[in-house]
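Peer 1: First the structure, which I've put down as structure tokens, then a few questions once you've had a look.
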Amino acid sequence: MLNTHIHLPPNFSAFETAEDAVRVASMEGITVLGASNFHHQGIYRRFADAAVAAGIVPLFGLEFIGVVDTLREAGVKVNDPANPGRIYLCGKGVDPFAARTPTAARLLERVRAADADRMGTMVPLVRARFAGAGLETDLTAERIAAAVAERAGVPSSWVVLQERHVAMAFQESLFRVVAPERRQALLARAFGAPAGPSVDDANAIQGEIRSRLMKAGRPAFVPESAVSFNDVYRLILEMEGIPCYPTLADGASPVCPWEEPPDALAARVRERGIHAAELIPNRNRPAVVDAYVTAFRGAGLVVMAGTEHNTPARIPLEPRCVDGSLPSPSARAAFREGTCVVAAHQHLRASGRPGYVDGEGRLNPSFPDGETRIRWFAELGAELIAAAAPASRAVSPATSTAALR
């Protein structure tokens, strides 16, 4: 079993620490686990050490938000259902331990600074709403970040707050200070409208705080200063990664126009120099997963699957569809193939050899055609994954490779 997309603390995560994530993965029989953190990759050394000790292959990834100006001006929604022109983009198989190039360092600092500025503006706005409703707190962005760092066991410098961190901090203050029978009335005053019925469900209240106060048009909303798509794409390549398109599909209703139909999305993705795609099946219907996997592979893209784990919910690490079913055997075979390609790319680039794509995003030219290229990288990746497995669950490279065909 494999998963190419989770978030580790100090990103908002279902897990308490990187070691917690690996422990759960090992218990569930996961053989490959990929992290796709925003903002900072300092936690990846601990993640790598824990994964290797458990016989799990760690994949190192990135996630960023970029903007395509032409799509924003045209009002086209890509894979963000609330913001035209905004595009989430992942990098797969990066080398987080190599020295940053000057370009990577500059772009990473720009991304972190923009997000830190946004949270520094948003927290006082949320605090003022609660103060006006009768809940005085001393919360600041710095105090919330320090609490996140302490909880994850990392330096504060590794933390860039996300909306979920802020919502959790105010929910925890509410629960500490306000009796359950008074919470709904206080929240209604803070929101300026009736609150939901639950007064004891921490996760539900965190979600309400985000949707009622922090989203576009709400009292504490602060626009994101996302960098351009071109800068995000460049940053992934500077860190030796494979640019990868994270697909929302019917995780939004209606489906974002840029993402349908599946064949058109696959073509649009390739036109932007992206040769890999990823699904989070737990937000998609099985037939939709199949449709997008078929379209991506038919267009010559490799495809993967993850679970995010960016909420408090401890869902299984094996990717499942929204109805709880496993994706079809053909979809799972494609996910394993794509995961093996990334494992091979990561291994080769970390040792200074050509990977699946080069520093300009071009596919490795040493193969007569795309399917031969995919097959070669997938077979190498399968061997690496088999070699990492502990003796108790070791699979021969030949058996692992055969499963890809």
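The values are calculated or read from the model by the stated rules, or taken from the named source; none is laboratory data. Since this is a predicted model, take the numbers as computed values, not measurements. No Cβ is skipped: glycine too gets one built from the backbone with ideal geometry, and neighbour counts run over all protein chains shown. Note: accessible area is taken over every heavy atom of the protein model, side chains too, but ligands, DNA and RNA are not part of it. Shrake-Rupley method; radii C 1.70, N 1.55, O 1.52, S 1.80 Å.
Peer 1: May I ask you to give the solvent-accessible area per residue for the chain, in square angstrom, as obtained with a 1.4 angstrom probe?
Peer 2: Working: 16380 Å² over 405 residues.
Each residue of the chain exposes 40 Å² on average to a 1.4 Å probe.
Peer 1: Okay, moving on. When only the heavy atoms of the protein chains count and the probe is 1.4 Å, how do PHE130, PHE38 rank by accessible area, highest first? It would help to have the intermediate numbers written out before the result.
Peer 2: Details: PHE130 0, PHE38 30 Å².
So, going from the largest accessible area down, we get PHE38, PHE130.
Peer 1: Give me the percent of accessible area attributable to carbon and sulfur for the chain, probe 1.4 angstrom. Walk me through the numbers on the way to the answer.
Peer 2: Details: 8910 of 16380 Å².
In the chain, the share of accessible area belonging to carbon and sulfur is 54 percent.
Peer 1: Run the dipole for the chain about the Cα centre, Lys and Arg Cβ at +1, Asp and Glu Cβ at -1, nothing else charged, and hand back the magnitude in debye, nearest 20. The partial results should precede the final answer.
Peer 2: Working: 43 positive and 44 negative charges, 54 e Å.
My answer is approximately 260 debye.
Peer 1: Taking a temperature of 37 °C and a viscosity of 0.692 mPa s, what whole-number D in µm²/s does Stokes-Einstein yield for the stretch 311-384 with Rh from Kirkwood over alpha carbon pairs? Write out the running numbers ahead of the final one.
Peer 2: Values: Rh = 14.0 Å.
The diffusion coefficient I find is 234 µm²/s.
Peer 1: Here's another thing I want to ask about it. As an exercise, identify the trypsin sites (Lys or Arg not before Pro) in the stretch 319-368 lying in DSSP coil whose Cβ has no more than 12 other Cβ atoms within 10 Å.
Peer 2: Numbers: sites: ARG320, ARG332, ARG336, ARG349, ARG362; in loops: ARG320, ARG362.
Here the trypsin sites (Lys or Arg not before Pro) that fit, given the DSSP loop and packing criteria, are ARG362.
Peer 1: Work out the P(r) tail for the stretch 41-81: percent of alpha carbon pairs separated by more than 15 Å, whole number.
Peer 2: 59 percent
Peer 1: Could you estimate the translational diffusion coefficient of the stretch 106-254 from the Stokes-Einstein equation, with Rh from the Kirkwood formula over C-alpha pairs, at 10 °C and 1.306 mPa s, in whole µm²/s?
Peer 2: It comes out at roughly 93 µm²/s.
Peer 1: OK, next. Amide H to amide H, which residues 5 or more places from GLY34 or on other chains are under 5 Å from it, using H placed in the peptide plane?
Peer 2: For GLY34, whose amide H was placed from the backbone, the distant partners under 5 Å are ASN3, THR4, HIS5, ILE6, LEU59.
Peer 1: Related question: Mind checking the stretch 263-345 for chymotrypsin sites (Phe, Trp or Tyr not before Pro) that DSSP puts in a loop (not H, G, I, E or B) and that have at most 13 other Cβ atoms within 10 Å?
Peer 2: When the chymotrypsin sites (Phe, Trp or Tyr not before Pro) of the stretch 263-345 are filtered for loop state and at most 13 Cβ neighbours within 10 Å, nothing remains.
Peer 1: For the stretch 145-212, what is the per residue volume of the convex hull drawn over the alpha-carbon atoms, in cubic angstrom? Kindly include the intermediate steps, with their values, before the conclusion.
Peer 2: On the way: hull volume 5.6 nm³, N = 68.
Once divided by residue count, the hull of the stretch 145-212 is 83 Å³.
Peer 1: Still on this model: Nearest 10 degrees is fine. How inclined is helix 18-27 to the longest principal axis of the chain, computing both from alpha carbons?
Peer 2: 60 degrees
Peer 1: Same structure again: Specify the angular offset, from 0 to 90 degrees and rounded to the nearest 10, of the alpha carbon long axis of helix 229-238 from the longest principal axis of the alpha carbons in the chain.
Peer 2: 60 degrees
Peer 1: I would also like to ask the following. Taking every alpha carbon pair in the stretch 178-291, what does the distance histogram look like in 10 angstrom bins from 0, in percent?
Peer 2: 11, 26, 26, 23, 12, 1
Peer 1: Along the charge dipole of the stretch 237-318, pointing to its positive end and built from +1/-1 on Cβ of Lys, Arg, Asp and Glu, which listed residue (GLY300, ALA252, ASN310) has its Cα farthest out?
Peer 2: It is ALA252.
Peer 1: Place the peptides 266-275, 158-167 in order of packing, highest mean first, counting for every residue the other Cβ atoms within 10 Å and averaging per peptide.
Peer 2: Working: 266-275: 17.3, 158-167: 22.6.
Ranking, from highest mean packing down: 158-167, 266-275.
Peer 1: Convert each backbone phi in the stretch 244-252 into a coupling constant with the Karplus relation 6.51 cos²θ - 1.76 cosθ + 1.60 (shift: θ = phi - 60°), then list the ³J(HN,Hα) values in order as whole Hz, x for Gly and Pro.
Peer 2: 9, 8, x, 9, 8, 6, 7, x, 10
Peer 1: Stick to Cα atoms and the Kirkwood definition of Rh, then tell me Rg/Rh for the stretch 6-69.
Peer 2: On the way: Rg = 12.3 Å, Rh = 12.0 Å.
That ratio equals 1.02.
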